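Here, each number is a calculation from the coordinates, and none is a lab measurement. What you see is a predicted model, and the numbers here were worked out from it, not measured in a lab. With ideal geometry, Cβ positions are generated from the backbone for all residues, glycine too; neighbour counts draw on all protein chains shown.
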Amino acid sequence: MYEIPQQLEYKEKIIFGLTFGQLIYALIFLPFAVCFFRLNIPLFFRVFLTFIPVSFATGFMFFDLANKIKEWVGWYKNRHLDSKEKIENFFGIKKIDDNLIHTKNKKLAVLKIDSINFQIKPKIEQDTITFAFQKFLNSLDFPVQILMNTENLSLDDYLESLKQRLNNENSKEIFSKYKEHMNEIVNRKSVSNRNFYLIIPEVTDISIQLKICEDRLNSLNLKTKRLNNKELKDLLITSFNIQSRGSYLPEKIENSIDFLEINNKLMRTIYAYGYPRIVESGFLDRIVSSFGDFNLSLHIEPCSLESTMILLNKELQKQRADLYAAKIKNQLNPSLEIKYQDTLKTLENLQKGNEKLFNIGFYITCKAETKKELDLLTKKVESELNSLLIIPKQANFRMLNGFKSCLPLNDNVLKINRNITTHGLSAFFPFTSSFFKIDETGVWFGLNQNNIPIIRDVFKLSNANGICLASSGSGKSYMAKLFISRYLLNGTKVIVIDPQGEYKDLVQRFDGQRINLSRDSNTMINPLDLMGHDYPEKRLTLMDLMPIMLGELSVPQESFIDKALTEAYERKGIFMDEPETWDNEPPILEDVTKALNNIEKTSSIQEKTILRSLIN
């Protein structure tokens, strides 16, 4: 379990339970109220005029009216971004060059990260990954952004690659049905893919920063790949929901109070306002693996040690003063007590060098075609966040800032931050669910828990062996025939040992060869055929096969068999040290028998007895 401390920043109560900022607003507006009330006019008008500054004072002091006015003005100014100049000015993207995104004030490199199946790993391995993630966080002295993008899943490249490998008409007919079936599944289940990115701003030397991040992430068994210019452009195009591939910025953005409209797509940003006290490692997987079209952005900004120490000492002084004042008045303030203990504990850990302090911002941008779908998805995401005890809020009047905070620009415009220590932040490990990873030579095995197709080539694994276990009648044979059909489409050679003759129709459908093994069969397997194997390897295999055919062999018998095999192959022109001869016509068992007869002619009486037993 991982503990998230309370927000460490604290506003000290000066007098009458008011903070310094509240007192300033009171001193500004209350003199106006007194002046209005002392005017020589009827009481009704005096009360009415007095009510105006009192209302303003109440709004500024207790309802954050200053920020609300600022948000409203910002929204009003950017209601319609309908020109290229306005859009470029707001997002600040200047160009993409040298595998970097150039903005007004920084350069950004992007790493694509392959996620892992975190939840199915043993508890010990999960703890190891979390500890390694803590090391990654502690190694950061520059801000980073972790971005999860939800994108439409396309199987076109895989299907086109498979089509190129088809070699007969039967395969082409089956391929058309296979393609139709896969596309129908993807469309019916509204399958989407999710990609993870790490956005790194240039602070010192971008190559050194990239190396640090790659090394630390690789230690977590996370594969990384730096995006080039084309891939960076495609990432922006996907983020802005642009259909054409010409520009990576939209032509127009409509900014409503509670959503944006970009290229006929509606978008709404939700931010995390409150966090649970205790969380489990990888707890964000509930969000990451849930269905829906949304992007997730986690901004991580390390705090400098010197300024953090000064800040925490000041916060402790303010909290202690208010606790002392409450004690004198015999008042209880449990929330402040907890905050004080959290701040003290954080300061101790920082002084010991056990942890670092970070500011984080956690945002989710929902996307939908219609307002009704957007409202439904928003409720679903908010429900998932509430189930994790994360308090969600919509960024009303600030949707444009929220959307920009979820772009790969490492720009936390929304600035809804929470300070958190390394230990607590490590539980936010987001790369917890595996999404679409495709082998071009692979076959479709099915859908994973996220409805993502599993298309893998088992022959690329460290061990390609597999087994299918299930109760009788549950479809084992059907599944085997299905995979055989898909591997045949892929150009894989398939051998089936079929005692019950279940696969005759499948062999006939694909114009395969049937070999019947029986005494009266017209077909037979030649065990001495190299079948594309190396000659030395084949000889070792044959020495394992002979005891199976002849029974347990003594050492002299094995020696004579070895000599006979060598002679049989050499009579066919196949030699151990001449690989070019390995494609010659192989010998058969009769040739081995003849070789044994030849050896018998020049053998002693005792050797002839051994040889005769083998020949018989």
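Summary table below
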read-out	value
Zero-based 10 Å bins, Cα pair distances in the range 479-616, whole percents	10, 31, 29, 20, 8, 2
Where trypsin sites (Lys or Arg not before Pro) fall in DSSP loop in the range 56-160, at most 14 other Cβ within 10 Å	Arg79, Lys104
Cα convex hull of the range 535-615 - mean projected area over all directions, nm²	5.3 nm²
Between the range 168-217 and the range 369-442, the alpha-carbon center distance in angstrom	20 Å
Cβ charges +1 (Lys, Arg) and -1 (Asp, Glu), total dipole of the range 419-518, debye	60 debye
Simple Cβ-charge dipole of the chain, Lys/Arg +1 and Asp/Glu -1, about Cα centre, in debye nearest 20	3340 debye
Sequence-separation-based contact order of the range 70-199, relative, with Cα cut under 8 Å and 6+ spacing, percent	32 percent
Percentage relative contact order, the range 240-313, counting C-alpha pairs under 8 Å, at least six apart	14 percent
Coordinate range along principal axes, alpha carbons of the range 457-507, Å, largest first	30, 24, 17
Intensity falloff of the chain expressed as log10 I(q)/I(0), Debye formula with alpha-carbon point scatterers, at q = 0.09, 0.11 Å⁻¹	-0.91, -1.16
The chain: relative contact order as a whole-number percent, Cα under 8 Å and 6+ apart	17 percent
Dipole of the chain [Lys/Arg +1, Asp/Glu -1 at C-beta], most positive-end residue of Ser387, Ala564, Asn616	Ser387
Cross-link pairs beyond the 18 Å C-alpha cut-off, checked among Lys107/Lys404; Lys380/Lys437; Lys107/Lys230; Lys211/Lys233; Lys70/Lys314	Lys380/Lys437; Lys211/Lys233; Lys70/Lys314
Cβ-based exposure ranking for Phe142, Phe259, in which fewest neighbours within 10 Å come first	Phe142, Phe259
